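Accompanying notes for the structure given below.
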Amino acid sequence: MVTLNFQQEIALQETSMSQNEDLEQQNKTISTPFVLQFNNLTYSINIRKEITIRRMLCRKDTGTIDTLSRKKVLLNDISGEAREGEIFAILGPSGSGKTTLIDALANKISKKSLRGSVTLNGETLESAVLKSISAYVMQDDLLFPMLTVEETLMFSAEFRLPRSVSKSKKMARVQTVIEELGLRDAAKTLIGDEGHRGISGGERRRVSIGVGIIHDPILMLLDEPTSGLDSSSAFMVVKILQQIARTGRIVIMSVHQPSSRVVGLFDHLIFLSQGETVYYGTPTHLSVFLSEFGHPVTENGETTEFMLDLYSNLEGLPGGTKSIVEFNKSWQTIRNHPYTSKHSNGLDLPSLKEAIYNTCANGSGRTWTSSKFANSFWVEIIVLMKRSLINSKRSAEIFLVRVAGVVASGFILASTFWHPDKTERGIVERLGFFVFIVTIIFFGNTDWLGVFVQERYIFMRETAYNAYRRSSYILYHSIIVIPTLIVLSLILASITFPAVSLDGGFLSFLFYFLAICASGWAANSLICLISGLFFQVVVGYTVAMTLVGLFLLYSGFYMNRDRIPSYWIWFHYMSPMKYPFQALVLNEFDKPNLCVAKVGAEPAMSCVMTGLDIIRKLDAIDLSKWSCLWITLAFGVIYRILFYFALSFGSKNKRK
């Protein structure tokens, strides 16, 4: 029913808009406040050739093995112009360079590697300015599944709109975007995922667009916004983009193989093939271009599909698409359709600063802040925590599963190590319990890896355009996990402490709980660091399991410190499992009056060793239990700091 109403609304809007189409085109030609030009964009990467065993054995020149590489050109001398109020579409098959061109326009390619220029109103765009006046909508819909459409847009407004804008105005902006995108009936519906029913695929794509335009950008860049949608949903999305463009924005989008209805909404097209321009112009001139090239479109044929099929076939021929590329260049000159008009020099346009000022002052509602971030450091943390709490509240089953896992592990440990005696055998059992509970804590925290990796992609999208600081995200990430660690640690400590007959009363229990909590903090921080270093969950799990296994080996339980080879001793001190294990050992056995008896004998009659003897035997005399606790906490802090650097350098989302 939602789709039907929305289609009817679009049909009415199409009727009214078509009547004024020629007048709007004339007005845009006369006065265009914003014009984006890109000239001679060229980008290539080095690709190493595969070195086979045969090549290595049969080659004559042994000095050329390190130089077996070639350049692959992804963009070759691409030029064009996109104007306010228009949709500029980039078409081509997979691998033609569509996404690369979008990335080049979005400043997602290093300036050292990208040749050519990108200007707005004749002025080179600085990175900070571009981020504040543009929006980049990625192909994947990266959204929190347990937030509603309205909440998703509201949190985006909280991040992107300046603090000077009141909450009521932010909500009004959200409602405007909801109406603009035709999401009124879905405003209170959850985004949803595989396990939770939510909005449709087309609505998800529109929400992603809404997140991008919440701050009312001048420039919109979209990477295949119709990918994965049926023809009806794809048309709706592009129709909305056309309406957005008509409100005073430049819309540039890539599209794989659009239908004729969708192509009819485009103002300008550029066809790419292997990084080169095959055609640049309006959809109406495409049939003329093909006819003059000697391949007229068949009667009742789809012009766009015919074009794509034509140069796809040419790519398989010896000469490739060179003929049509060269013809396009000459055709542009003969027909007087240059890639960029006189706007390229910005001769008849106001300056960028003046144009931005005018569009803010003319009642459009646009607001920009001169600062890099819209909010202060602490406001960002509060908003991030609020969003996380709402998401967690609606995913309560995940927390309950973790609680159930801790309770089950606690009862299994309690029943296995039930009330060991004060003999040598009982001491060995207690030591086995200590190392096993630390191991369970570290392995148990690996289930956070999938959550962290998934959230990292959303983090990359949001921080790419300065929604918040990386440092505020790290601090929020560290704070939000503490209550969960405290609850789970308290449950585990309460079950196992009395069951294993650990000594020392309440103070000993309190330290035992703190040691478990510190161990969980270090483990959780380690998983955070791994999620920041590796994008794939499977790779992250492999690394995490390997590291935990090595940390366990060098923790001091399986091998005393003096028995570890000198070239591996550093791993003993770098193991975050050494210190909580040693803290638990000291908490239990660092008692001068503790007496260990032989099996079957009374402690008072046969005291074979004391608690201090156990500590010396384990070579755990280098640190006190409180020092071990503080070092464990410090490991967590160090991992979080490294997590920050991993996100800073590994999540720039920029090609080299």
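The values are calculated or read from the model by the stated rules, or taken from the named source; none is laboratory data. Nothing here was measured: the structure is a model prediction, and the numbers come from that model. Every residue, glycine among them, receives a Cβ derived from its backbone with ideal geometry; neighbour counts consider all protein chains shown. Accessible surface areas use protein heavy atoms only, side chains included; no ligands, DNA or RNA. Shrake-Rupley method; radii C 1.70, N 1.55, O 1.52, S 1.80 Å.
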So is T152 among the β-branched types (V, I, T), open to solvent by 20 Å² or more (accessible area, probe 1.4 Å), assigned by the TED database to the domain that holds K108 and in a helix (DSSP H, G or I) or not? no
Name the pairs: first residue in region 391-408 and not assigned by the TED database to the domain that holds N445, second residue at pLDDT 90 or above and among the polar types (S, T, N, Q), Cβ to Cβ under 7 Å, at least 6 apart or on different chains? none
First in region 413-441 and part of a loop (DSSP other than H, G, I, E, B), second anywhere and open to solvent by 60 Å² or more (accessible area, probe 1.4 Å), Cβ under 8 Å, 6 or more apart: F417/E429; P420/E429
Can you tell me which residues in region 125-141 are over 19 Å from G248 (Cβ atoms) and at pLDDT 85 or above? M138
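Which residue, of R470, R430, is more than 20 Å from S575 (Cβ to Cβ) and surrounded by fewer than 18 Cβ atoms within 10 Å (Cβ to Cβ)?
One residue alone meets the criteria, R470.
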Restricting the first residue to region 557-576 and requiring it to be in contact (Cβ under 8 Å) with a residue 24 or more places away in the chain, which pairs with a second residue that is aromatic (F, W, Y) and assigned to a loop (DSSP other than H, G, I, E, B) meet a Cβ separation below 7 Å and a spacing of at least six or different chains? S575/Y554
Considering only residues that are surrounded by 15 or more Cβ atoms within 10 Å (Cβ to Cβ) and among the β-branched types (V, I, T), which ones fall in region 550-571? I564
Residues in region 82-107 that are closer than 21 Å to D216 by Cα and either charged (D, E, K, R) or touching a Gly at 6+ places or on another chain (Cβ under 9 Å) (or both) total 6
Quick check, is S392 in a helix (DSSP H, G or I) and farther than 24 Å from G549 by Cα? yes
Is there a residue in region 155-178 that is aromatic (F, W, Y), open to solvent by 10 Å² or more (accessible area, probe 1.4 Å) and either over 26 Å from F266 (Cβ atoms) or at pLDDT below 90 (or both)? yes
(1) at pLDDT below 90; (2) within 14 Å of S525 (Cβ to Cβ) all hold for I480 apart from (1)
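The rows are residues; the columns are (1) open to solvent by less than 60 Å² (accessible area, probe 1.4 Å); (2) more than 30 Å from D447 (Cα to Cα); (3) touching a Pro at 6+ places or on another chain (Cβ under 9 Å).
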position	(1), (2), (3)
V538	no, no, no
A544	yes, no, no
V548	yes, no, no
Y573	no, no, no
Q582	yes, no, no
C595	yes, yes, yes
W626	no, no, no
W630	no, no, no
Per the list (1) at pLDDT below 50; (2) more than 26 Å from I270 (Cβ to Cβ), residue check on R70 breaks on (1)
Considering only residues that are in a loop (DSSP other than H, G, I, E, B) and open to solvent by less than 10 Å² (accessible area, probe 1.4 Å), which ones fall in region 107-145? N121
With R115, R54 as the choices, which residue is at pLDDT 85 or above, over 22 Å from V251 (Cα atoms) and not acidic (D, E)? R115
Cβ-Cβ under 7 Å, sequence separation 6+ or interchain: first residue in region 488-517 and in contact (Cβ under 8 Å) with a residue 40 or more places away in the chain and polar (S, T, N, Q), partner open to solvent by less than 20 Å² (accessible area, probe 1.4 Å) and in a helix (DSSP H, G or I). Which pairs? T496/G410; T496/L413; T496/A414; T496/I437; S508/N587
